[in-house]
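Take a look at the structure set out below.
The values are calculated or read from the model by the stated rules, or taken from the named source; none is laboratory data. Bear in mind that the values here come from a model prediction, so they are computed numbers and not experimental data. Ideal geometry is used to build each Cβ from the backbone, glycine not excepted, and the neighbour counts take in all protein chains shown. To get the accessible areas, we keep the full protein, side chains included, count just its heavy atoms, and leave off ligands, DNA and RNA. Shrake-Rupley method; radii C 1.70, N 1.55, O 1.52, S 1.80 Å.
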Amino acid sequence: MRTPAPEQRPVGLTIAGSDSGGGAGIQADLATMAAHGVFGTSAITAVTAQNTRGVESSHVLPIEEIEAQLEAVTDDFDVGAAKTGMLATTEVIETVAEYAREFDFPLVVDPVMVATSGDRLLEAEAERAYEDLLSRATVVTPNADEAEVLTDVAVTDEETAREAGEAVLETGVDAVLVKGGHVPGERVRDVLVTEETVRTFDHPRVDTDATHGSGCALAAAITARLANGAALEPAVAGATDFLARAVRYHYDVGEGHGAVNHMAPLRNEAAREVTAEDVQAVVEQVVDADVSALVPEVGMNVVGATPYAESVAETAAVEGRITRTLSGVHPNRGVRFGASSHVARFLLSAREFVPDLRFAVNCRFDADVEDALEALEWPVAEYDRGEQPTAVEETEGRTMGWGARQAFADRDEPPVAVVDRGEVGKEALVKLVAPDAETLADRTLALDEEVAE
């Protein structure tokens with residue numbers, strides 16, 4: 001008989017409807033909480049029959065069943081934070097508001113009032129009932145349409161989002177996060193308004209329609225972070241980052257638009273050790289093969305990105321690079337995350353166009369290498385760093401490289417090798433890219449063999 005080893009986790013509570021398609025509602029909330037290390041509990045308000053194409057039907061549970069769930073959870077669990085989602089009717093909203101009077105933990109209200117189509121989901125009386133619930137909430141997370149329902153302010157930009165947020169504060173809620181997903185533009189700007197501050201959380205818009213359940217995931221992520229003890233502003237900041245990644249790397253499921261990937265950050269973190277091991281394996285192969293002919297004066301580096309990498313800190317590389325010596329090529333130090341700058345930023349920028357790319361290596365470029373690339377008949381792109389504009393866009397802590405845009409944008413076939421002709425007086429390089437470490441190693445060794453011939 002083994003000794004048990006229990007683990008303590010903060011507890012979150014979601015009060016929302018069930019989505020049989022798994023993309024929204026309590027299913028999305030519980031998955032999001034699990035991804036944040038929070039034990040999720042639930043009080044189901046309604047059962048819906050839906051999938052990635054839409055809602056087929058819905059059934060609101062009797063009030064006594066909703067009350068029984070709330071009693072059961074709050075009587076037994078030490079709830080750290082709660083959220084609401086689909087409340088459906090005036091009576092349900094009023095019931096939850098009454099229970100919220102006794103909550104001694106943060107409450108996040110996602111006011112599900114307007115469908116993605118723009119249709120109103122609640123009668124006017126139910127919309128008014130939300131005001132009482134909001135007076136007991138820590139933060140409310142309306143999208144632009146819901147903010148307009150609550151305030152009669154049409155949200156079209158940051159200024160009107162702030163105006164709407166200030167109006168919602170009059171209900172007594174501590175803070176308002178006016179979401180920018182429904183506001184047109186190249187960037188999504190979520191505006192957090194409190195009595196003391198206004199802060200905007202800015203992310204590039206992802207070109208996808210797989211956003212069903214994104215509001216649920218965002219509110220659940222804030223809830224989970226509050227349950228973990230975070231203050232409100234960092235909880236919102238982390239939750240918006242979480243959602244941006246979950247939308248970009250969404251699940252390709254169903255015949256509709258897919259579903260938000262609530263597990264992307266968790267799986268990304270879990271892949272760090274494997275990614276570092278893969279980089280180390282490539283390094284060992286290029287060292288064993290003594291690819292001196294490919295090592296540039298600035299040194300070679302092998303970079304690997306985690307599956308959902310969004311920053312240099314999520315790329316593993318050789319600290320100090322790989323250099324030529326009298327006895328062959330050798331890494332200066334070991335593999336660690338954040339060790340590469342130039343090659344890592346190039347790889348991240350390339351992933352904006354070809355998200356499957358995970359690994360890259362920089363090599364010397366000269367006439368012999370150029371001939372070898374031609375002989376191998378790989379798709380090759382190039383750019384001249386001397387033509388790079390002075391201003392380079394900085395986004396989310398990473399450089400959206402001009403060179404990667406030149407090499408990968410608007411191409412029928414993504415390149416295997418990208419020639420960087422460098423600036424005046426600087427060494428020309430060629431970067432090899434691949435979706436996995438084994439392919440990168442094979443391509444590097446093949447190029448080295450072709451140069452040797």
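With R₀ set to 51 Å, the beta-carbon distance separating Ala49 from Gln388 gives a calculated FRET efficiency near 0.40.
Here the Kirkwood formula puts the hydrodynamic radius of segment 155-229 at 13.3 Å, using every distinct Cα pair.
Given R0 = 41 Å, the distance between the Cβ atoms of Glu427 and Arg199 translates into a calculated FRET efficiency of 0.40. Take the Cα radius of gyration of segment 168-278 and divide it by 2.2 N^0.38 Å, N being the number of residues; the result is 1.18.
Here the ratio of the Cα radius of gyration of segment 285-436 to 2.2 N^0.38 Å is 1.00. At full extension, Thr439 and Thr3 could sit 152.5 nm farther apart than now, given 0.36 nm per residue minus the alpha carbon distance. The H on the amide N of Thr45, modeled in the peptide plane, is under 5 Å from the matching H of Ala16, Gly17, Ser18, each at least 5 residues off or on a different chain. Packing around the peptides 353-360, 70-77, taken as the average count of other Cβ atoms within 10 Å per residue, puts them in this order, highest first: 353-360, 70-77.
A probe of 1.4 angstrom, applied to the heavy atoms of all protein chains, finds Tyr308 with accessible area near 40 square angstrom. What you get for the chain, charging only the Cβ of Lys and Arg (+1) and of Asp and Glu (-1), is a dipole of about 1040 debye around the Cα centre.
Note on the chain: antiparallel DSSP beta bridges, both residues inside, total approximately 65 percent of the bridges counted. Per-residue accessible area (protein heavy atoms, 1.4 Å probe) orders Met300, Met263 as Met263, Met300, starting from the largest. Note on segment 1-121: Kirkwood radius taken over Cα pairs, Stokes-Einstein applied at 10 °C and 1.306 mPa s, translational D equal to 104 µm² s⁻¹. With N counted as the residues of segment 226-290, its alpha-carbon radius of gyration over 2.2 N^0.38 Å works out to 1.66.
Legend: calculated FRET efficiency, Glu255 to Ala154, from the Cβ-Cβ distance at R0 = 30 Å, rounded to 0.05, equals 0.30. Backbone geometry of segment 225-242 corresponds, through the Karplus equation with coefficients 6.51, -1.76 and 1.60 at θ = phi - 60°, to 3J(HN,Hα) couplings of 5, 5, 4, 7, x, 6, 6, 4, 4, x, 5, 5, 4, x, 5, 5, 5, 4 Hz, x marking Gly and Pro. In plain terms, the chain from His59 to Arg101 could stretch by 12.5 nm, reckoned as 0.36 nm per residue minus the Cα-Cα distance. For the pair Ala313 and Asp412, the difference between a 0.36 nm per residue extended length and the Cα-Cα distance amounts to 32.6 nm.
Mind checking the per residue accessible area of the chain for me, 1.4 Å probe, whole number of Å²? I get 46 Å² per residue for this part. Here, the chain is characterised by an Rg to Rh ratio of 1.07, where Rg is the alpha-carbon radius of gyration and Rh the Kirkwood radius.
Only Cα pairs under 8 Å and 6+ residues apart enter the sum, and on that basis the relative contact order of the chain stands at 11 percent.
Glu127 sits with roughly 20 Å² accessible to a 1.4 Å probe, with DNA, RNA and ligands left out of the calculation.
Computed with a 1.4 Å probe on the full set of protein chains, the accessible area for Glu273 sits at about 130 Å². For Thr306, the amide hydrogen comes within under 5 Å of the amide hydrogens of Ala316, counting only partners 5 or more places away or on other chains and with H modelled in the peptide plane. Within the accessible area of segment 1-139, the carbon and sulfur atoms contribute 47%, probe 1.4 Å, all protein chains present. Annotation: amide H of Thr156 within the under-5 Å range of Ala161, sequence separation 5 or more or interchain, hydrogens built in the peptide plane. Using alpha carbons only, the radius of gyration of segment 255-372 set against its Kirkwood radius gives Rg/Rh = 1.05.
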